[in-house]
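Okay, structure first, notes after.
Nothing in this text is a laboratory measurement; each read-out follows from the coordinates by a stated rule. What you see is a predicted model, and the numbers here were worked out from it, not measured in a lab. Using ideal geometry, Cβ is built from the backbone for each residue, glycine included, and neighbour counts are taken over all protein chains shown.
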Amino acid sequence: MNNPYLVGAVLAVLGLALGSFDNVAIYRVPRGLSLWSPGSFCPRCRRPIAWHDNVPLLGYLLLRGRCRNCGDSISYRYPLVEFLSGALFLAVGAKHGFSWKVEMLPELLMVTVLLIVSFIDLDEQIIPNRIILPAIPLALALVALVAGTRGDWGILLRSLAGAAIGGVPLGLLALLFPRGMGMGDAKLSLFTGVVLGYHQLTGFFFAFLTGSLTGLALMALGKMGRKSRIPFGPFLSLGALVALFLGSQVWELYRGMIGR
Ligand SMILES: [Zn+2]
C-alpha cells in the first residue's frame, strides 16, 4: 500500500476527479445552485454530459473542447482546473515522499478549497461563505486528527496561532477599510492559517508581494485605475501554496539571514 508509485497514482486520480467537482463548485456556488444534482450539464444547451465525456482531461480532449450536443466550445478552464487539482495533489504527495501520512489530509483539503475559491474570486470578486465557512472547522478537525495521531497537541496550538495570524490582521483591515479588503479575504487567510500554522506569515509575505506587483503591472499597462479592485483571494492562495511547499525552506533562509 505504501509503494510510492501507487501512492502517486492514487493521488493523481483523486486530484483529477476532485478537479471535476471543483469545476462544478466554481460554476454553481456563485449561482446558488445545488452541488449534488443535477449531474453535469452543458452551460449552453443544458443537455446532461455523459459520464464518458466527463472523464477529467480525457473528456475534453476526446470532444476536442466542444459540447457533443450543441457544438459550443467548452472553456479551457475546465481541463485547466482538473489539471491543477491533479498536479497539486501530486505535489502534496511529493512533499511527503509519496507515502501515506495523516498530515496530507488538511493539506489536500487546503489545495482543493484554494482552487475553488480562487476561480470564484476571479470571476465574481467574492469568496463565498458556502465554501469557506464549512472549510474552517473541517480543517481544524483534520489538524486535530493529525495532532491526535502524532500524540503532539502542540500541532493544534500552532494551528490556532496560525488561524489568529491569518484571520485577525485582515479582519481588522476589512473592518477599517471595507473598500480595500473584504471579510472573505480574512476568512480565507484564517483557513489557510489553520493548515499552515506559523508558515501563514510566509503566505502573507508572498500574497502581498505578488498582489502589489500585479497591481503595479496592471496600472503600468493602463489596465486598471488607482481605484479599481483586483481580487485578493488568488494571491492569498498563491502565497499559501508557496508557504505549504516551500515554507520550511523560506524559514531556514530567514534564519540564515539573521545568523540564527
Ligand atoms: Zn451544449
Can you put ILE74, ILE26, ILE116 in order of Cβ neighbours within 10 angstrom, beginning with the fewest? ILE74, ILE26, ILE116
Please report PHE191, PHE245 as a ranked list, fewest other C-beta atoms within 10 angstrom at the top and most at the bottom. PHE245, PHE191
What's the long-distance tail for the range 172-260, i.e. % of Cα pairs beyond 18 Å? 50
Just ALA94, ALA25, ALA17 to compare: in a GNM of the chain, with alpha carbon springs under 10 Å, which one fluctuates most? ALA94
For ARG130 and ASN2, what is the calculated FRET efficiency with R₀ set at 25 Å and r taken between the beta-carbons, to the nearest 0.05? 0.10
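Percent of Cα-Cα pairs more than 22 Å apart in the range 79-214, please.
Within the range 79-214, distances greater than 22 Å cover 38 percent of Cα pairs.
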Whole-Hz Karplus ³J(HN,Hα) for the range 130-141, in order, using 6.51 cos²θ - 1.76 cosθ + 1.60 and θ = phi - 60°, x for Gly and Pro? 4, 9, 6, 5, x, 5, 5, x, 5, 5, 4, 4
Arrange the following residues from fewest to most other Cβ atoms within 10 Å of their Cβ: TYR5, TYR254. TYR5, TYR254
Where does the Debye-calculated log10 I(q)/I(0) of the range 1-101 sit at q = 0.10, 0.14, 0.20 Å⁻¹, using only Cα point scatterers of equal weight, no solvent? -0.32, -0.58, -0.97
Which value in deg cm²/dmol, rounded to the nearest 500, describes the helix-derived mean residue ellipticity at 222 nm for the chain, given -39,500 (n - 2.57) per DSSP H run of n ≥ 4 and division by the residue count? -23000 deg cm²/dmol
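Could you give the length gained on full extension between TRP51 and ARG179, defined as 0.36 nm per residue of separation minus the Cα-Cα distance, in nm? Walk me through the intermediate numbers first.
Numbers: separation 128, 0.36 × 128 = 46.08 nm, distance 4.35 nm.
41.7 nm is the gain from fully extending TRP51 to ARG179.
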Relative contact order, percent, of the chain when contacts are C-alpha pairs under 8 Å separated by at least 6 residues? 17
If you plug each phi of the range 30-38 into the Karplus form 6.51 cos²θ - 1.76 cosθ + 1.60 with θ = phi - 60°, what whole-Hz ³J(HN,Hα) values come out, in order, with x for Gly and Pro? x, 8, x, 8, 5, 7, 9, 8, x
Name the residues whose placed amide hydrogens come within less than 5 Å of the amide hydrogen of ILE126, ignoring near sequence neighbours (fewer than 5 apart) on the same chain. ASP121
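Could you give the semi-axes, largest first, of the ellipsoid that matches the chain, computed as the square roots of 5 times the alpha carbon gyration tensor eigenvalues and rounded to whole Å?
Details: eigenvalues 191, 128, 59 Å².
Listed largest to smallest, the semi-axes of the chain are 31, 25, 17 Å.
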Among GLY166, GLY39, GLY203: highest mean-square fluctuation, GNM of the chain, C-alpha pairs under 10 Å: GLY39
List, largest first, the extents of the alpha carbons of the range 109-188 along their principal axes, each in whole Å. 43, 26, 15
Kirkwood-Stokes translational diffusion coefficient of the range 49-117, alpha-carbon pairs, 10 °C, 1.306 mPa s, µm²/s: 117
Ranked by GNM mean-square fluctuation in the chain (Cα springs under 10 Å), the top entry among ALA139, ALA240, ALA50 is ALA50
